[in-house]
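**Q** I have a structure I would like to understand better, so I am pasting it below and will then ask my questions one at a time.
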Amino acid sequence: MAAFVTTSHCSTLCFRKAETCDSSRTRIRFRVSTTGASSMLGFGSSQLGGARIAFSQPAPLLPKLPTQPIVARRICPFTGKKANRANKVSFSNHKTKKLQFVNLQYKRVWWEAGKRFLKLRLSTKALKTIEKNGLDAVAKKAGIDLRKK
């Protein structure tokens, strides 16, 4: 079902409804005339003269999508490091805010217990910690289940 709103030049506000049938589709047309309002405001002619606005029936409801896009956050899952807010200082000592992001890298790491490689996005600090303490110990401390990756 579609409704069409049309403005034309007459002095009163009027709504007229007309139903017609075009190839098994029913259309409802509304005609709105608003020239009298423009004369009350002191305009010589309508500001909306000849404008057409069309409204149609909304599309069928689709499954609800997440409100925010799914993107990789700039946070290291192993260490919890995230961006730091800092000042960018110019030569004239003018300070503006900036973000210092974590040095995140995609790295294939050998997981000894699972006998396979894992592709992880981790900070360079976490990579040094994994080399020192082992992947299982660091993941257990961070509460990460490596079987899901």
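**Q** Too long at a 31 Å Cα-Cα cut-off: which of Lys95/Lys140; Lys97/Lys141; Lys98/Lys140; Lys107/Lys141?
**A** Violating the 31 Å limit, Cα to Cα: Lys95/Lys140; Lys97/Lys141; Lys98/Lys140.
**Q** Which order do the peptides 117-126, 137-146 come out in when sorted by mean C-beta neighbours inside 10 angstrom, highest first?
**A** My ranking of the peptides, most packed first, is 117-126, 137-146.
**Q** Turning to a different aspect of this structure: Considering amide H positions built from the backbone, and no H for Pro or chain starts, which residues 5 or more places from Phe78, or on another chain, come under 5 Å of its amide H?
**A** Distant-sequence amide H within range of Phe78: Ser123.
Laboratory data are not the source of any read-out in this text; all were calculated from the coordinates shown. Remember, it's a predicted structure, so these values are computed and weren't measured experimentally. Note: ideal-geometry Cβ built from the backbone for every residue, glycine included; neighbour counts use all protein chains shown.
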